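The next block holds one structure in the form of structure tokens; read it before the comments.
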Amino acid sequence: MVRAVGRYTLEIVQSLGDVAMFVGRSFRLAVGSRKLGRRVVRAMFEQGARCLPVILIVGLFTGLVLGLQGYYVLNRFGSESLLGTLVSLSIVRELGPVLAALMLVGQAGSALAAELGIQRNTEQIAALETMGVSSHAYLVAPRLIAALMVFPMQTALFCCVGLWGGSLSGSLLLGLEPGIYWSAVERAVELVDVRECLTKAVTFGFLTMTLCAYHGFNAHRCRSGTGARGVSASTTRAVVQSSIIVLAADYVITSFLI
Amino acid sequence: MDSQDLLLKVEGLHKRFGEQSVLAGASLVVPRGSLVAVLGRSGAGKSVFLKCLADVIEPDSGEIWFDGRRLVRGDAAARQHFRSRCSFLFQSNALFDSLTALENVALPLEQTMDLAAKEVRERSLEALKQLELEAFWDRYPGQMSGGMQKRLALARAIVTRPELVLFDEPTAGLDPVRRNAVFTMIAKYQRQFGFTALIVTHDVPEALTAADRVALLDTGRMVFQGSPGEFIASEEAMVIQFRDSEKELSKMLASIRRGETIQTGDT
């Protein structure tokens, strides 16, 4: 029992060290790498534009549901005018960064892990290394840099659409005066809330894309199997761990910033 | 052989995977401008040997000398120098499936050389043209036949004008006619572009026909190195055992015994 716990602990520590080395090497080798800007833009397109529909849809429905639920709860206390406050603070401080990150993990993160896993299996990564091209700088670093910019942008968009969704259900469906809703939003959201939102978005983007890239890049070391099964297992692990780390990091950041 | 004539020299290469010893002191010399074939049975460690040379796998011990310069672990400059003058053709071709033929060929130029975009394009198109692929520059590897993919991989390998090209089982999974065609293609381009070629393969007749020198890898060591003619005439037990196990080689030897001649890479 003690031996098993010890082995498990050592494995976790070793994995954390591996991930840290992986990130460090990626950024170190990216310095001076040729055409880095072009690859970052391409990665931003993959993570940003392609994930836009899912961000807009989930953001809208999150706002709609919050508007509905919030209105009925606040109505019990005669405080419908605070609907804008409830929706905006919920979305900007918590739901926006968390849900946007989970959506991006589901779409861009899983795609990244699977793509790198396949590239590893088909020796494309080895081919880059034999050409004298750093696979860390060419494949990993642009994705990590892009995530630092895309996650805040997508989160901001998610929040805007979510607020609009709350307004739709509150004003159009339930008859709350739009001016009351939006003035409550304006009063409630302060700069510190926006800062918390963006801090979370950047942190989630960095952590999740790092995990997805790490698992995809090391798909050949996956214990669950090799080949297609290895890629599948690595992708699953990347998405699961990324989802967990989003929620865990959310708690830590909130406890520090609240 | 004069050391000036040697492009690559490998001494005592060792590699273990856990308890299994794959390379146990493999040594090899590759003369400049030659086509050298490393033969061996499946699982003899040929690919591992080649990947150790290409720095894809790190050997446990041993020395590699390239163009008179020793490649030392941790000497990044020497390794970068080696990589800039060496190309590797993978058994699976390892083409980038999300890039077009032109982008595949252009990638090593873009990433390793300070060339203008126009020159990168021109040189890439020229490489495609030399391998009769210029009409397919905008196709993805998945839209090409196996032979075209092989040529595309070769175009990507030679576009940087390397001195040494390493071929890992270039005919794996091909029928005898195509095997012959691939070896003929490699020999043709090796002469045309003047690079030194090192091929690992278990296709004995084709290798003996195309190569200038042959080496036999067995139980992790090179048990023979010499010309194709010397290989055929060798009385070493390992060579005889390997030769006899190759059915097609036996047929070829029989034809030689009947007085027919065998064409070597020298011709």
Please state which one of A:A127, A:A101 is at pLDDT below 95 and assigned to a helix (DSSP H, G or I). A:A127
Got a number for residues in the stretch A:109-125 being open to solvent by 20 Å² or more (accessible area, probe 1.4 Å) and within 12 Å of another protein chain (Cβ to nearest Cβ)? 7
B:T171 meets each of (1) buried (at least 22 other Cβ atoms within 10 Å of the Cβ); (2) in contact with a His (Cβ under 8 Å, 6 or more places away or on another chain) with one exception, condition (2)
Find the helices (runs of 4 or more DSSP H) located wholly in the stretch B:31-145 whose residues include 1 or more that are open to solvent by 40 Å² or more (accessible area, probe 1.4 Å), and list them. B:76-84, B:101-112, B:117-130
Among the residues of the stretch A:186-221, count how many are in a loop (DSSP other than H, G, I, E, B) and without any contact (Cβ under 8 Å) to a residue 60 or more places away in the chain. 1
Does A:H220 qualify as being within 30 Å of A:Q47 (Cα to Cα) and surrounded by fewer than 20 Cβ atoms within 10 Å (Cβ to Cβ)? yes
Kindly provide the set of residues from the stretch A:35-49 that are open to solvent by less than 60 Å² (accessible area, probe 1.4 Å), away from chain B (no Cβ under 11 Å) and either in a helix (DSSP H, G or I) or touching a Pro at 6+ places or on another chain (Cβ under 8 Å) (or both), ordered by number. A:G37, A:V40, A:A43, A:M44, A:Q47, A:A49
Restricting attention to the stretch A:9-30, and to residues there that are under 17 Å from A:A147 (Cα atoms) and β-branched (V, I, T), which single residue is surrounded by the most Cβ atoms within 10 Å (Cβ to Cβ)? A:V23
Take the stretch B:1-30 and flag every residue that is more than 16 Å from the chain's Cα centre (by Cα), of a type outside the set (G, A, S) and crowded, with 20+ Cβ neighbours inside 10 Å. B:L13, B:K15, B:V22, B:L23
Which one of A:I180, A:I244 is in contact (Cβ under 8 Å) with a residue 12 or more places away in the chain, assigned to a helix (DSSP H, G or I) and open to solvent by 60 Å² or more (accessible area, probe 1.4 Å)? A:I180
So which residues in the stretch A:129-141 are within 20 Å of A:C222 (Cβ to Cβ) and at the interface with another protein chain (Cβ under 10 Å from one of its Cβ atoms), if there are any at all? A:E129
Conditions: (1) surrounded by fewer than 17 Cβ atoms within 10 Å (Cβ to Cβ); (2) touching a residue at least 40 places away in the same chain (Cβ under 8 Å); (3) closer than 17 Å to A:L116 by Cα. A:R229 meets all but one. Number of the miss? (2)
Quick check on this structure: which one of B:A37, B:A117, B:A94 is within 14 Å of chain A (Cβ to nearest Cβ) and more than 20 Å from A:Q124 (Cβ to Cβ)? B:A117
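The values are calculated or read from the model by the stated rules, or taken from the named source; none is laboratory data. Everything numeric here is computed off the predicted structure, so don't read it as measured data. As a convention, Cβ positions derive from the backbone with ideal geometry for all residues, glycine included, and neighbour counts pool all protein chains shown. Just so you know, the surface numbers come from the protein's heavy atoms only, side chains and all, with ligands and any DNA or RNA stripped out. Shrake-Rupley method; radii C 1.70, N 1.55, O 1.52, S 1.80 Å.
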